[in-house]
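A short worksheet on the structure shown next.
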Amino acid sequence: MRDNVIMLSKKELPDQWYNIAADLQKPLPPPLHPGTKKPLTPEEFSAIFPLPLIEQEASIQRWIKIPEEVLDILSLWRPTPLFRARRLEKYLDTPAKIFFKDESVSPAGSHKPNTAVAQAYYNKISGTKRLATETGAGQWGSALAFATDFFGLQCIVYMVKVSYEQKPYRRSLMHIWNAQVHASPSKETQTGRDVLARDPECPGSLGMAISEAIDDTVHTPGTKYALGSVLNHVMLHQTVVGLETKKQLAQAGETPDVMIGCVGGGSNFAGFVFPFIFDKLNAKRQIRFVAVEPTACPSLTKGMYRYDFGDTAQMTPLIKMNTLGHNFVPPCIHSGGLRYHGMAPLVSALHQEKLIEAVSYRQNPVFEAALLFSRVEGRVPAPETAHAVRAAIDEALRCKKEKKAQTIVFNFSGHGYFDLTAYDKYMAKQLEDYDYPQESIEKALRELPTIG
Ligand SMILES: Cc1ncc(COP(=O)(O)O)c(C=O)c1O
């Protein structure tokens, strides 16, 4: 029997989150009010978020205690396993060692519940009755539905229309956990009705669904808004992933050379690598951190680092981030969770500082890697996760060419059991590749707000 899994005991579940804001050389530019364009006050934020999350958003305290009630639920599936992909190494005939952190073992099938549980908890103790949110592929919507159901909160999910149609079983999962789900753009909100009046066939985008969820929040008493990525507090909650990985690699006597994660809004990548960036910042280790995105929505590799809205209807605060423009509607690729025009401010700032790198891939090579991984290792990745798989395989092939025995570690952010239509299409050679649609992005970038 080969030793291919590193487990931690329940006692080793981290009891504090790591806040990278404490270790940044330059503080993040502040979020601005969408109307006045002045730095946003906590009172203004409180229309959509509860106070404890607003405090975490601005916190520069390095370690933040995880409440017992949150740990109690996280321990249903955490600590998650770290696997060594020995079969993949053998198949690729590479001298590299390949490890992956398996976040697909959560009840909703991805890393998203790590923050959903924390957000539901802080809303519950702050008196919120109802949470509104958006979802792309349905991973975040189902994670929040699971978490709100545990805390007895109502959950309303605006699901990007193209995914609503492509992924009916994600919808069923949200219904099992008592959420209400609307295809976005919907007739439920003024924002949705306006979009439908302009374009009745609009496939939707994460930017539009966010506008609908915020519109719902500000017009329904007792409601707050929850975001599954991008914001600082979401990155914070995801650091349990990297903190566990650190202990697991230490247990295996390994130090990583390359760490890889896919990026939509940036949260699984951030949670996985931030605790290791702490070491890099303290000059302890030379590690490459690689963020992987689709060529169809390349916010890090082709976007601009500018202040922009997080949504299409310009309702969110303005945040400084890598963006393709809030009006950019990405092509309908199967990685719904990566179809977002912006990137987490923390991930964007680290990219500016050249502490992390970014690459982009087309969807056919991504699915080629996903199918190979499913056949060699047995686990079927979500299309989003498959971007990290592709990059890990390419890094292992580079090691083979350069005859280097490096250690590659990637985040297996979710499983693909609700994404089988996409696999069917790939196997039937029906998937289209989309490159950066230069004209539409240039148009969206011209519409960026001017600040100062
Ligand atoms: C499985 C999976 N991985 C990755 C992502 C991308 O999100 P983020 O960049 O916030 O981790 C998503 C988003 O829905 C997802 O479902």
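The values are calculated or read from the model by the stated rules, or taken from the named source; none is laboratory data. If you're wondering where the values come from, they're calculated on a predicted model, not measured in any experiment. Because the Cβ atoms are built from the backbone with ideal geometry, glycine has one as well, and the counts that use them run over all protein chains shown.
Listed by position, the helices (runs of 4 or more DSSP H) inside segment 58-129 whose residues that are more than 28 Å from residue 370 (Cα to Cα) and within 16 Å of the ligand (Cβ to nearest atom) number at least 1 are 113-125. If I filter segment 343-350 for residues that are within 15 Å of the ligand (Cβ to nearest atom), more than 22 Å from residue 205 (Cβ to Cβ) and in a helix (DSSP H, G or I), do I get at least one hit? Within segment 343-350, one or more residues are within 15 Å of the ligand (Cβ to nearest atom), more than 22 Å from residue 205 (Cβ to Cβ) and in a helix (DSSP H, G or I). As a summary of the residue check, residue 55 satisfies the conditions (1) under 26 Å from residue 214 (Cβ atoms); (2) touching a strand residue (DSSP E or B) at 6+ places or on another chain (Cβ under 9 Å) except for the one numbered (2). List the number of the failed condition for residue 405; all other conditions in (1) at pLDDT below 95; (2) part of a loop (DSSP other than H, G, I, E, B); (3) of a type in the set (A, V, I, L, M, F, W, C) hold. Status for residue 405: all satisfied but (1). Listed by first and then second residue, the pairs linking a residue in segment 423-452 that is at pLDDT 80 or above to a residue that is surrounded by 14 or more Cβ atoms within 10 Å (Cβ to Cβ) and of a type in the set (Val, Ile, Thr), with Cβ atoms under 6 Å apart and 6 or more places separating them unless they lie on different chains, are 435/295. For segment 210-236: of the residues being within 16 Å of the ligand (Cβ to nearest atom) and in a helix (DSSP H, G or I), which is modelled with the lowest pLDDT? Looking at residues that are within 16 Å of the ligand (Cβ to nearest atom) and in a helix (DSSP H, G or I), I get 210. Set side by side, the residues 239, 217 differ, and just one is under 13 Å from the mean Cα position of the chain (by Cα) and of a type in the set (Ser, Thr, Tyr), which is 239. If the condition is being assigned to a loop (DSSP other than H, G, I, E, B) and under 22 Å from residue 228 (Cα atoms), then segment 351-392 contributes 356, 382.
Of all residues in segment 316-340, those satisfying the criterion of being modelled with pLDDT under 90 and more than 12 Å from the ligand (Cβ to nearest atom) are 327, 328, 329, 330, 331, 332, 333.
Applying the condition of being among the hydroxyl-bearing types (Ser, Thr, Tyr) and surrounded by 24 or more Cβ atoms within 10 Å (Cβ to Cβ) to segment 294-315 and asking which residue is nearest to the ligand (Cβ to nearest atom) yields 299. When residue 207 is tested against (1) surrounded by 20 or more Cβ atoms within 10 Å (Cβ to Cβ); (2) touching a helix residue (DSSP H, G or I) at 6+ places or on another chain (Cβ under 9 Å), exactly one condition is not met: (2).
For residue 234, indicate whether it is closer than 23 Å to residue 139 by Cβ and either touching a Cys at 6+ places or on another chain (Cβ under 9 Å) or of a type in the set (Asp, Glu) (or both). For residue 234, the condition - closer than 23 Å to residue 139 by Cβ and either touching a Cys at 6+ places or on another chain (Cβ under 9 Å) or of a type in the set (Asp, Glu) (or both) - is not met. Scanning segment 1-45 for residues that are modelled with pLDDT of 95 or more, in a loop (DSSP other than H, G, I, E, B) and of a type in the set (S, T, N, Q) yields a total of 2. The C-beta contact set for segment 263-282 (first residue within 16 Å of the ligand (Cβ to nearest atom), second residue of a type in the set (Asp, Glu) and not in a loop (DSSP other than H, G, I, E, B), distance under 7 angstrom, 6+ apart or interchain) comprises 263/293; 264/384; 268/103.
Of all residues in segment 130-152, those satisfying the criterion of being under 19 Å from residue 231 (Cβ atoms) and more than 16 Å from the ligand (Cβ to nearest atom) are 131, 132, 148. If a residue must be out of contact with any strand residue (DSSP E or B) (no Cβ under 8 Å at 6 or more places or on another chain) and of a type in the set (Val, Ile, Thr), how many such residues does segment 215-273 contain? Of the residues in segment 215-273, 2 are out of contact with any strand residue (DSSP E or B) (no Cβ under 8 Å at 6 or more places or on another chain) and of a type in the set (Val, Ile, Thr).
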